[in-house]
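Notes to accompany the following structure.
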Amino acid sequence: MSIQQLSEQEIIRRNKLKELTQLGIDAYPAALFPVNTSAKFIKSNYKEEENKSDFENVCLAGRILSIRDMGKASFAVLQDGSGKIQIYIRRDDISPDEDKTLYNTVWKKLLDIGDIIGVKGFVFTTKTGETSVHVTEFKILSKSLRPLPVVKEKDGETFDEVTDTEFRYRQRYADLIVNPQVKEVFIKRTKMVNAMREFLNKEGALEVDTPVLQNIPGGAAARPFKTHHNALDVPFYLRIANELYLKRLIVGGFEWVYEFSRNFRNEGMDRTHNPEFTILEFYVAYKDYLWMMETTEQLLEYAATAVCGTTKVLSGEKEIDFKAPYKRITMYDAIKEFTGIDISDKDEDGLKKVCQQLGIHADKTMGKGKLIDEIFSEKCESHFIQPTFITDYPVEMSPLTKKHRSKPGLVERFELIINGKEIANAYSELNDPIEQRERFEDQAKLMERGDDEAMFIDYDFLRALEYGMPPTSGIGFGIDRLVMLLTGQPSIQDVLFFPQMRPEKNLGEEVEKR
């Protein structure tokens, strides 16, 4: 973009940068600025009558959000990582000698909203009772060449927020500046992950890392992203799940392992799906899915309390309570409850007729498991608002799961549904290598029929099972969806710093020309 194509504000700011340089001021200095406090600490702890002397030499840095010029003095609002604070600058403090350039020119003419500065001074209380910093020295730390979107405040209330989602998701860096409350979502995300990690560590689990690049995209029924390994000259896939590697570690003798993993699925995007997402998976030897239900209740109750201070959270107008115990219902009973149809004895053709009757899409690529999954997803899932375990799935839906100990045709599996969405998926893991091979072969047949989400045969995993895997229970939690619940966010894009979006046209060309 040529200088003529820049906005008026961008041209003005670039000219100011030139003037600063001509004055011998580096607008992007490399030297350390000795910050010793924060806006939040000052506002929370300053008591003029009690500890004024403790705040006589404060040093903080942040971004200018507003400037109110009063001639020989100015008020401004500075925002650092902890919040906002008012600063007060007098000409004769900043420029005590006859040369008033630093105040009259640099401060009043060459600084803009969005610039990052460091200030030194002392804390005081204004006549209106606002805790402020009286600045005795300031330094430009970074000149902003692009104006921030305007956010207006009155009496402490924001009434002109930047809410355009296209802007907010593409330019999260600017969103965090003008909508600082967004930071709370991501702070809570970190608190939640830390709480879950703390719970697992206390129970004796071991955190591990497994490969992101895999030659077999195993562990889930999903369409993978494919890439190519140049050195080996073979195709690789971004992992869709880490399950099969974690179970290899159980074979190797670890009895409780977990991983917070970034997974990738080349599928649709909506308010609860992003192609790149975070999963917590853990696997425990000598346990089953019944034990896992109880552990899941304890873990989520612990995490919700750590993040929110209570087990009750609001999602829109719905109050969701993570307090144990959670409701349990079988998949077949759930389908019967919400459709009036008992599908427990239906074969593939019978299920296709049910789908037709219910107005659900079905085609020749879909096997029995996928048809049942569609019926449940379309007609049942949205009804479960409070945490609910959906249990005892058909064997066709669960190629990695142990057969039910007392119900033929079913497996020992549950999904945790909260607010109408799957949050976790767990099994009593299949550890019979012969049966696992047969299940993989059934998946291969579905792939031949055109099911691009069917599982590959992982021969190395079969080899691992042949060494013997103890009875094991495993689970995967959708971290992004769980964060949505605990922070009351309506979209997965609101809990990801940088969600995937369609590339902007000509953006690279514009930046290069600038």
Flag for Thr210 being modelled with pLDDT under 90 and among the polar types (S, T, N, Q): no
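Would you mention how many residues in segment 339-388 are of a type outside the set (Asp, Glu) and under 34 Å from the mean Cα position of the chain (by Cα)?
The qualifying residues number 23.
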Matching option when the condition is closer than 28 Å to Arg248 by Cα, more than 19 Å from the chain's Cα centre (by Cα) and at pLDDT 95 or above, among Glu435, Glu396, Glu466: Glu466
Qualifying residue in segment 226-244 (condition: open to solvent by 50 Å² or more (accessible area, probe 1.4 Å) and in contact with a helix residue (DSSP H, G or I) (Cβ under 9 Å, 6 or more places away or on another chain)): no
Test: residue in segment 44-55 that is more than 39 Å from the chain's Cα centre (by Cα), within 19 Å of Leu17 (Cβ to Cβ) and loosely packed, with under 14 Cβ neighbours inside 10 Å: no
Neighbours by Cβ (under 7 Å, 6+ apart or cross-chain): first from segment 276-294, on the phi > 0 side of the Ramachandran plot; second not aromatic (Phe, Trp, Tyr): Tyr286/Pro470; Tyr286/Pro471
Residue that is over 41 Å from the mean Cα position of the chain (by Cα) and under 21 Å from Asp26 (Cβ atoms), where the choices are Leu102, Leu110: Leu102
Residue in segment 331-341 that is in contact with a Gly (Cβ under 8 Å, 6 or more places away or on another chain), open to solvent by 30 Å² or more (accessible area, probe 1.4 Å) and touching a residue at least 60 places away in the same chain (Cβ under 8 Å) present: no
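The values are calculated or read from the model by the stated rules, or taken from the named source; none is laboratory data. Bear in mind that the values here come from a model prediction, so they are computed numbers and not experimental data. Backbone-built Cβ (ideal geometry, glycine too); neighbour counts: all protein chains shown. For the accessible areas, the whole protein counts, side chains as well, though only heavy atoms, and no ligand, DNA or RNA atoms are used. Shrake-Rupley method; radii C 1.70, N 1.55, O 1.52, S 1.80 Å.
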